[in-house]
Amino acid sequence: MVVLCAVAVVLIAPGVYIYESTKLPALDSEFDLERALRNSIESERRSQQMGKYDPKKDPIEWKRPDFARLPKNLVAAYISERGCPTYFQTPREDGWAWTKRLLLGMVNVEPPGDGWCEQVFASNLATRIGAKGTLQLVVATHKIHRFLRKDALVAYDLHSLKLEVGVVGVEAAADTLFHKQLLDLSLAELAELALAIPPNSAFEQIKQCKNSVQIRQARDGVLDRLKAFSLIPDNESRLAKDQELACKRPN
């Protein structure tokens, strides 16, 4: 049944692809994606800040995502929590392997491999630029995946995720939760941040420091997984686990 469904999708795919593409913003290059995200994010910020805008406290501008602005331990925690700790150790998924992943995903079959995370990151971006429904999402995901490298997929995803009203991206999250620049966060704080963002999505719990015992256990779990996947050394993991929760510190 799965094979028949996949074959049927292949037969009708070209027409569907063209039709669904007409409903999406232009997505022929990274510039198109950047423009679509900027328009969406900055428009939302303007509407939220109408009448109370303070350019020093509430900048409207959304900066172009840059992988170099991401702490390596945050990236390690993110790919680990997403379930693909070897993401940067494996080749990018392209050609038939990638196409098959998209097609089988439409019938709820998930092939193995780190292409899973490539699909997740690209799909997140597709949703943020307005893709709706399964077919539009698949088309937009494929278009975005064509022109973004593996590191750029992570950068765009982390710099454009919405955590609450007015808080978009991990740099804004670091400022809101820890009152620090992202690159100034310690390993313990980065593990705590990894809990706040997807797939853990405990932003509000950490912001209010609800159930600090549970948060600490979860933070230490992030650190344990990083160590288990050899993404951080054992001594760094132990030192970070000895640190007090950032959310418990006075602002």
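Quick look at the numbers
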{"read-out": "Candidate set: the range 30-43, residues that are within 13 Å of GLU61 (Cβ to Cβ) and not β-branched (Val, Ile, Thr); chosen: the one least open to solvent (accessible area, probe 1.4 Å)", "value": "LEU37"}
{"read-out": "Hey, ALA8 out of contact with any Leu (no Cβ under 7 Å at 6 or more places or on another chain) and modelled with pLDDT under 60 or not", "value": "yes"}
{"read-out": "Within the range 103-151, tally of residues that are open to solvent by 40 Å² or more (accessible area, probe 1.4 Å), outside any loop (DSSP other than H, G, I, E, B) and without any contact (Cβ under 8 Å) to a residue 40 or more places away in the chain", "value": "6"}
{"read-out": "TRP62 being surrounded by 12 or more Cβ atoms within 10 Å (Cβ to Cβ) and not in a helix (DSSP H, G or I)", "value": "yes"}
{"read-out": "Top-ranked residue of the range 69-97 - restricted to ones that are surrounded by 14 or more Cβ atoms within 10 Å (Cβ to Cβ) and small (Gly, Ala, Ser), ranked as farthest from GLY169 (Cα to Cα)", "value": "SER80"}
{"read-out": "Every residue from the range 176-185 that is without any contact (Cβ under 8 Å) to a residue 60 or more places away in the chain and either loosely packed, with under 14 Cβ neighbours inside 10 Å or not in a helix (DSSP H, G or I) (or both)", "value": "LYS180, GLN181, ASP184"}
{"read-out": "The lone exception for CYS209 - which of (1) farther than 23 Å from PRO65 by Cβ; (2) of a type outside the set (Ser, Thr, Tyr); (3) in contact with a helix residue (DSSP H, G or I) (Cβ under 8 Å, 6 or more places away or on another chain); (4) part of a helix (DSSP H, G or I) it fails", "value": "(4)"}
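The values are calculated or read from the model by the stated rules, or taken from the named source; none is laboratory data. Just so you know, these numbers come straight off a predicted model, no measurement behind them. Cβ: placed from backbone, ideal geometry, glycine included. Neighbour counts: every protein chain shown. Each accessible area value is taken on the protein alone, full model and side chains, heavy atoms only, with ligands, DNA and RNA left out. Shrake-Rupley method; radii C 1.70, N 1.55, O 1.52, S 1.80 Å.
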